[in-house]
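Engineer: Attaching a single structure in structure tokens format; questions to follow.
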Amino acid sequence: MSTFSAPRGTYDLLPPDSATYLAVRDALAAPLRRAGYGYAETPGFEHVELFARGVGESTDIVTKEMYTLTTKGGDELALRPEGTASVLRAALQAGLHRSGVPVKLWYSGSYYRYERPQKGRYRHFSQVGAEAVGAEDPALDAELIVLAVDGYRSLGLRGFRLLLNSLGDTVCRPAYRAALQDFLRGLDLDEETRRRVEINPLRVLDDKRASVTERLAAAPLLRDHLCEACKTYHEQVRELLTAAGVAFEDDPRLVRGLDYYTRTTFEFVHDGLGAQSAVGGGGRYDGLSEQLGGPPLPSVGWALGVDRTVLALQAEGVALGLPTATEVFAVPLGEEARRALFEAVTELRRAGVAADFAYGGKGVKAAMKAANRSGARLAVIAGERDLAEGVVQLKDLVSGEQAPVRLGELVAGVRAALA
Ligand code: HAM
């Protein structure tokens, strides 16, 4: 037992499982890269104020879940709980929008939320995200949703559903907010929820407690209060999704946990995950740039949870067909062979073949065991007699067949054997 263990709500990614994570991350990003999204990387921490203003002062993320710290220089920083505020901040700071919009960016990394840990909910987790900044176009909302669906499908994931809603805009939301407040004030709610009704009534719709949800059955829905522009916009998004063969469910109660959303909002849920069913989510955030002191830049984006996508794949019993980490394993018999095979392994690697070597001066038996454990298809074995003849033995670890190959023709021989 080691003295230290990872902090609560976190876990380490180690082989062999870590390979699945990398593959999921790559698969979710691949459709974005094919659609003109450029890679963005921002710091793991930002000024607290960015998230307070960006994500919303009264959200759980900001009030309860942020890891904040004061630096020795007196700066108030927070580990990033999400990516949108950071990526928009970076785009604004660099003035990317001045050379043409939409600015399309994708990102991937670690995020931190001090949440109550449970299956699928961690304090350190990983997202792949995308943001399209500076354009108001239903086709952009639809594009992002289609790209997420394509990412999930490319992994073989099937059991996810898309929930879709519109949260209106600055024209229609205020009147709805007031109507919702009127309704909520008439309910018998606990004190904290009453406070929330005054500060952020839409948040109350997101309450998962049965005692609250049953009282909300008759709550007014934004769907019935959308202005004409929002209604038309939403209808266009829905038509584009249908045309792209993407099924969705209208969920008029979907409000999401971040305050910046306007119009299109969506969530991908997977029924095999239990309580933490959201494998991804996003939406439009047309006012965020101005909230951060930038010009008006209507934008839309999403983030998909890598950890939960991996859990969803497990729940469906999908095994990714990952390439083996090692294709060839070299087993030298004696000092001279060690030098010759070390060179051969380097040559194989430089030729693009994944190769490993029996390090640690093991005996043949241990070295062959290591070769089998590596998952390699082939072993390259050589002793003094082989080298004297200018050959190495190429052994197929599956069939057990073995044949000599001239040392100078090893790369070609390996390629032929692997083909
Ligand atoms: P979010 O819904 O807070 O949105 O997070 C997106 C996804 O990250 C969730 O659907 C979930 O899969 C994963 N996730 C969130 N919290 C945790 C956690 N504690 N443990 C494991 N996975 C988690 C955002 O973060 C927005 N920035 C999305 C966005 C981009 N909206 C517009 N652009």
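Engineer: Kindly establish whether LEU164 is more than 27 Å from VAL24 (Cα to Cα) and not basic (Lys, Arg).
Structural biologist: Working: more than 27 Å from VAL24 (Cα to Cα): no; not basic (Lys, Arg): yes.
No: the conditions fail for LEU164.
Engineer: Could you please let me know if ALA130 is within 15 Å of the chain's Cα centre (by Cα) and within 13 Å of the ligand (Cβ to nearest atom)?
Structural biologist: yes
Engineer: Which fully enclosed strands (runs of 3 or more DSSP E) of the stretch 365-419 have 1 or more residues being open to solvent by 50 Å² or more (accessible area, probe 1.4 Å) and under 16 Å from PRO332 (Cβ atoms)?
Structural biologist: On the way: elements: 378-382, 391-396, 402-406.
Hits in the stretch 365-419: 391-396, 402-406.
Engineer: Right, another one. Regarding LEU320, is this residue part of a loop (DSSP other than H, G, I, E, B) and farther than 15 Å from GLY120 by Cα?
Structural biologist: Yes; evaluated as a whole, the condition is true for this residue.
Engineer: When the stretch 247-263 is examined, which residues are found to be more than 9 Å from the ligand (Cβ to nearest atom) and more than 18 Å from PHE160 (Cβ to Cβ)?
Structural biologist: Hits for the stretch 247-263 are PRO252, ARG253, VAL255, ASP259, THR262, ARG263.
Engineer: For the stretch 324-366: of the residues being modelled with pLDDT of 95 or more and of a type in the set (S, T, N, Q), which is nearest to LEU418 (Cα to Cα)?
Structural biologist: Ranking the qualifying residues of the stretch 324-366, first place goes to THR326.
Engineer: Under 7 Å between Cβ atoms, which residue pairs at least 6 apart in sequence (or on different chains) link something in the stretch 340-367 that is within 16 Å of GLY408 (Cβ to Cβ) with a partner that is in a loop (DSSP other than H, G, I, E, B)?
Structural biologist: Qualifying pairs under 7 Å: VAL353/GLU327.
Engineer: Out of the residues in the stretch 299-311 meeting the condition of being touching a Gly at 6+ places or on another chain (Cβ under 6 Å) and not in a strand (DSSP E or B), tell me which one is farthest from the ligand (Cβ to nearest atom).
Structural biologist: The qualifying residue farthest from the ligand (Cβ to nearest atom) is LEU311.
Engineer: On to the next question. Would you check which residues across the stretch 119-167 are of a type in the set (Gly, Ala, Ser), in contact with a Leu (Cβ under 8 Å, 6 or more places away or on another chain) and open to solvent by less than 30 Å² (accessible area, probe 1.4 Å) and list them?
Structural biologist: GLY120, GLY129, ALA130, ALA132, GLY134, ALA142, ALA148, GLY151, GLY156, SER166
Engineer: Then there is this: Looking at the stretch 15-33, is at least one residue surrounded by fewer than 18 Cβ atoms within 10 Å (Cβ to Cβ), among the aliphatic types (A, V, I, L, M), touching an Asp or Glu at 6+ places or on another chain (Cβ under 9 Å) and in a loop (DSSP other than H, G, I, E, B)?
Structural biologist: No, every residue in the stretch 15-33 fails to be surrounded by fewer than 18 Cβ atoms within 10 Å (Cβ to Cβ), among the aliphatic types (A, V, I, L, M), touching an Asp or Glu at 6+ places or on another chain (Cβ under 9 Å) and in a loop (DSSP other than H, G, I, E, B).
Engineer: Right, another one. Would you check if TYR39 is among the aromatic types (Phe, Trp, Tyr) and outside the structural domain of ALA132 (by TED's automatic domain parsing)?
Structural biologist: no
Engineer: Would you confirm whether any residue within the stretch 288-298 is among the acidic types (Asp, Glu) and touching a residue at least 60 places away in the same chain (Cβ under 8 Å)?
Structural biologist: No.
Engineer: Here's something else I'd like to know. Conditions: (1) open to solvent by less than 30 Å² (accessible area, probe 1.4 Å); (2) in contact with a Gly (Cβ under 6 Å, 6 or more places away or on another chain); (3) away from the ligand (no atom under 13 Å from the Cβ). ALA78 meets all but one. Number of the miss?
Structural biologist: (2)
Engineer: Tell me which of these GLY54 doesn't satisfy, since it passes every other one: (1) within 17 Å of the chain's Cα centre (by Cα); (2) in contact (Cβ under 8 Å) with a residue 24 or more places away in the chain.
Structural biologist: The one condition GLY54 does not meet is (1).
Engineer: Please verify whether the stretch 218-230 includes one or more residues that are within 16 Å of the ligand (Cβ to nearest atom), surrounded by fewer than 19 Cβ atoms within 10 Å (Cβ to Cβ) and at pLDDT below 95.
Structural biologist: Looking for residues that are within 16 Å of the ligand (Cβ to nearest atom), surrounded by fewer than 19 Cβ atoms within 10 Å (Cβ to Cβ) and at pLDDT below 95, one finds none in the stretch 218-230, hence no.
Engineer: Inspect all residues belonging to the stretch 237-246 and state whether any of them is in contact (Cβ under 8 Å) with a residue 40 or more places away in the chain, open to solvent by 20 Å² or more (accessible area, probe 1.4 Å), in the same structural domain as ARG116 (by TED's automatic domain parsing) and in contact with an Asp or Glu (Cβ under 7 Å, 6 or more places away or on another chain).
Structural biologist: Checking the stretch 237-246: not a single residue is in contact (Cβ under 8 Å) with a residue 40 or more places away in the chain, open to solvent by 20 Å² or more (accessible area, probe 1.4 Å), in the same structural domain as ARG116 (by TED's automatic domain parsing) and in contact with an Asp or Glu (Cβ under 7 Å, 6 or more places away or on another chain).
Engineer: Looking at ALA312, ALA344, which is the one that is among the small types (Gly, Ala, Ser), surrounded by 14 or more Cβ atoms within 10 Å (Cβ to Cβ) and not assigned by TED's automatic domain parsing to the domain that holds LYS119? Explain how you work it out, then say what you get.
Structural biologist: Values: ALA312 fails: not assigned by TED's automatic domain parsing to the domain that holds LYS119.
Answer to the selection: ALA344.
Engineer: A further question follows. Exactly one of (1) under 33 Å from the mean Cα position of the chain (by Cα); (2) under 23 Å from ALA376 (Cβ atoms); (3) crowded, with 23+ Cβ neighbours inside 10 Å is unmet by THR326. Its number?
Structural biologist: THR326 satisfies every listed condition except (3).
Engineer: For the stretch 44-59, give me the residue count where each residue is surrounded by fewer than 18 Cβ atoms within 10 Å (Cβ to Cβ) and within 12 Å of the ligand (Cβ to nearest atom).
Structural biologist: Count: 0.
The values are calculated or read from the model by the stated rules, or taken from the named source; none is laboratory data. For clarity, every value in this text was computed on a predicted model and none was experimentally measured. In this analysis, Cβ positions are derived from the backbone assuming ideal geometry, glycine residues included, and neighbour counts consider all displayed protein chains. Heads up: the accessible areas ignore ligands, DNA and RNA and are worked out on the full protein's heavy atoms, side chains in. Shrake-Rupley method; radii C 1.70, N 1.55, O 1.52, S 1.80 Å.
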